[in-house]
Amino acid sequence: MSLFTMDNVRKTFAHGEVKEEILKGINISLSQGKITALTGASGSGKSTLLTIAAGLQTASDGQISFEQQELTSMRSEELRQIRAKDFGFIFQFAHLVPFLTVQEQLDLMLDTAESPLSKQTQKKEIKQVLELVGMWKRKDAYPASLSGGEKQRVAVARAIIHSPKVLFADEPTASLDSKRSQEVMKLIQNLSKERHITVLMVTHDMDMLDFVDEVIEMRDGKIVDKKNT
Ligand SMILES: Nc1ncnc2c1ncn2[C@@H]1O[C@H](COP(=O)(O)OP(=O)(O)OP(=O)(O)O)[C@@H](O)[C@H]1O
Ligand SMILES: [Mg+2]
């Protein structure tokens with residue numbers, strides 16, 4: 001059964017008088033625990049689609065549902081709660097907070113998500129997740145002293161520390177060399193399997209498709225192909 005669906009989603013941007021339709025009727029259905037990759041040429045609308053799916057910007061038309069709830073008709077506070085508790089995000093660059101240590105980044109995320117866990121349980125969870133991404137030994141390091149791959153592993157940890165149900169990732173490996181890209185992708189794949197996290201990720205890198213269950217190809221704001229790998 002689908003955990004997350006987009007039904008005839010459209011997005012129009014106005015450039016002065018001229019309106020341009022960037023998403024032209026998108027239908028997507030994500031099954032629980034599966035990884036779906038979104039590919040397509042630059043400008044085809046992948047990031048727009050991802051940010052609308054994640055509730056970071058609104059659709060001009062269409063329906064988006066998550067666990068039978070209609071996100072498009074939700075009040076902004078309700079949507080904010082879902083975004084904070086049930087969704088996780090990874091971007092192309094790690095965007096870590098420069099003045100927080102690795103473990104403080106995760107602590108902040110748990111606060112933002114209004115985690116119901118006790119402080120003690122939160123500490124244990126942080127340790128477990130940092131061990132999972134191989135960064136526990138660097139828990140007291142500041143971002144400036146980490147390599148690109150290490151920063152991105154912390155970004156992955158931060159994106160899943162609050163146990164989201166859906167993880168949205170926009171070119172999570174684009175800033176990494178091919179060895180580090182493989183490592184980060186393997187990590188996302190393991191997390192998705194172990195924690196049953198549903199993943200929608202944009203990628204340009206065809207090597208990353210080995211790690212995904214489904215590939216959706218976009219062209220000019222439309223889906224032109226969907227295939228299982
Ligand atoms: N806020 C906005 N206002 C106006 N136009 C926008 C806005 N956001 C995106 N666009 C336009 O929508 C189109 C799709 O952009 P989008 O960022 O979704 O593409 P993309 O497939 O992610 O490309 P890339 O692979 O280069 O990241 C582009 O032509 C872009 O200029
Ligand atoms: Mg993009």
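Only residues that are open to solvent by 50 Å² or more (accessible area, probe 1.4 Å) and either in contact with a helix residue (DSSP H, G or I) (Cβ under 7 Å, 6 or more places away or on another chain) or of a type in the set (Phe, Trp, Tyr) (or both): list them for region 59-74, please. Listed by number, the list holds a single entry, 63.
Inside region 87-108, residues that are in contact with a helix residue (DSSP H, G or I) (Cβ under 7 Å, 6 or more places away or on another chain) and either of a type in the set (A, V, I, L, M, F, W, C) or open to solvent by less than 50 Å² (accessible area, probe 1.4 Å) (or both) make up a count of 10. Among the residues of region 182-208, those identified as open to solvent by less than 30 Å² (accessible area, probe 1.4 Å) and within 16 Å of ligand 1 (Cβ to nearest atom) are 200, 201, 202, 203, 208. Looking at this structure, is residue 229 buried (at least 22 other Cβ atoms within 10 Å of the Cβ) and of a type in the set (Ser, Thr, Tyr)? Spelling it out, it is not the case that residue 229 is buried (at least 22 other Cβ atoms within 10 Å of the Cβ) and of a type in the set (Ser, Thr, Tyr). When residue 13 is tested against the conditions (1) over 13 Å from residue 221 (Cβ atoms); (2) touching an Asp or Glu at 6+ places or on another chain (Cβ under 6 Å); (3) within 16 Å of ligand 1 (Cβ to nearest atom); (4) in a strand (DSSP E or B), the lone failure is (1). Restricting attention to region 104-138, the residues that are within 22 Å of residue 87 (Cβ to Cβ), in a helix (DSSP H, G or I) and touching a residue at least 24 places away in the same chain (Cβ under 8 Å) total 10. Put simply, of 21, 17 the only residue that is surrounded by 15 or more Cβ atoms within 10 Å (Cβ to Cβ) and either of a type in the set (Gly, Ala, Ser) or more than 16 Å from ligand 2 (Cβ to nearest atom) (or both) is 21.
The values are calculated or read from the model by the stated rules, or taken from the named source; none is laboratory data. If you're wondering where the values come from, they're calculated on a predicted model, not measured in any experiment. Every residue, glycine as well, gets a Cβ built from its backbone with ideal geometry; the counts of neighbours run over all protein chains shown. What goes into the accessible areas is simple: the full protein's heavy atoms, side chains included, and nothing from ligands, DNA or RNA. Shrake-Rupley method; radii C 1.70, N 1.55, O 1.52, S 1.80 Å.
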